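Colleague: The structure is given below, and queries will be raised subsequently.
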Amino acid sequence: MSPQYSKKVMDHFLHPRNMGEIKDADGIGTVGNPTCGDIMTIYIKVKDEKIQDVKFKTFGCGAAIATSSMITELAKGKHVDEAIKITRSDVANELDGLPPVKMHCSNLAADALGAAIEDYRKKQKK
Ligand code: FES
């Protein structure tokens with residue numbers, strides 16, 4: 001049985017925003033879901049502590065692609081301290097919900113963004 005996706009999920013899945021890679025990224029975060037094997041990488045470009053640009057690469061299900069796309073939109077322009085607070089449920093809510101069996105997919109997006117910001121901070125310290 002295929003899960004029921006909201007219109008917004010389908011839109012972001014079929015027309016993902018900010019897909020791709022940032023070659024000279026200031027922070028990169030990759031996370032995988034061991035259960036389904038899906039992998040997501042988020043790249044961020046930061047200026048004056050604000051996320052100037054953000055892109056993603058996702059090998060995963062439709063919900064994983066839609067949540068990646070949505071989180072890039074949520075993160076763009078935000079201060080890194082704000083962006084790191086974006087939660088899994090923020091992403092799902094912005095997409096007008098995800099089917100319960102697909103909620104875990106939104107974990108990837110929030111975790112990958114968090115990992116990219118951590119990576120950025122680590123590099124800053126050096
Ligand atoms: Fe793996 Fe959705 S099924 S992230």
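No lab work stands behind these numbers, since they all come straight from the coordinates. This one's a predicted model, so the numbers in the text were calculated from it and none came from an experiment. Cβ sites come from the backbone with ideal geometry, for glycine too, and all protein chains shown count toward neighbours.
Colleague: Given G114, M10, V91, which one lies farthest toward the positive end of the charge dipole of the chain, if we put +1 on the Cβ of every Lys and Arg and -1 on the Cβ of every Asp and Glu?
Modeller: Toward the positive end, the furthest listed residue is G114.
Colleague: Still on this structure: Can you pull the Rg over Rh of segment 3-51, Cα-only, Kirkwood?
Modeller: Numbers: Rg = 14.1 Å, Rh = 13.2 Å.
Here the Rg-to-Rh quotient is 1.07.
Colleague: Can you pull the one-decimal nm distance between simple spin-label points at V101 and K57, each 7 Å off the Cα toward Cβ?
Modeller: Once both label points are built, they end up 3.0 nm from each other.
Colleague: Pairs K50/K122; K50/K102; K50/K126; K23/K102; K45/K102: which exceed 26 Å Cα-Cα?
Modeller: Numbers: K50/K122 16 Å; K50/K102 30 Å; K50/K126 19 Å; K23/K102 31 Å; K45/K102 29 Å.
Checking Cα-Cα distances, K50/K102; K23/K102; K45/K102 exceed 26 Å.
Colleague: Given charges of +1 on the Cβ of Lys and Arg and -1 on the Cβ of Asp and Glu, with all other atoms neutral, how large is the dipole of segment 67-126 about its Cα centre, in debye to the nearest 20? Before the final figure, lay out the partial values.
Modeller: Numbers: 10 positive and 9 negative charges, 84 e Å.
The calculated dipole for segment 67-126 is roughly 400 debye.
Colleague: To the nearest 20 debye, what is the magnitude of the charge dipole of the chain about its Cα centre, counting +1 on the Cβ of each Lys and Arg and -1 on the Cβ of each Asp and Glu? Provide the component values of the computation, followed by the final result.
Modeller: On the way: 19 positive and 17 negative charges, 46 e Å.
Roughly 220 debye for the chain.
Colleague: Can I ask one more? Please report the equivalent ellipsoid semi-axes of segment 17-97, computed as sqrt(5 x eigenvalue) of the Cα gyration tensor, largest first, in whole Å. If you can, show how the numbers build up before the last one.
Modeller: On the way: eigenvalues 81, 48, 22 Å².
Each semi-axis is the square root of five times an eigenvalue, giving 20, 15, 10 Å.
Colleague: Report ³J(HN,Hα) in whole Hz for each residue of segment 99-114, in order, from the Karplus equation J = 6.51 cos²θ - 1.76 cosθ + 1.60 where θ = phi - 60°; Gly and Pro get x.
Modeller: x, x, 5, 9, 4, 5, 5, 6, 4, 4, 4, 5, 5, 5, 5, x
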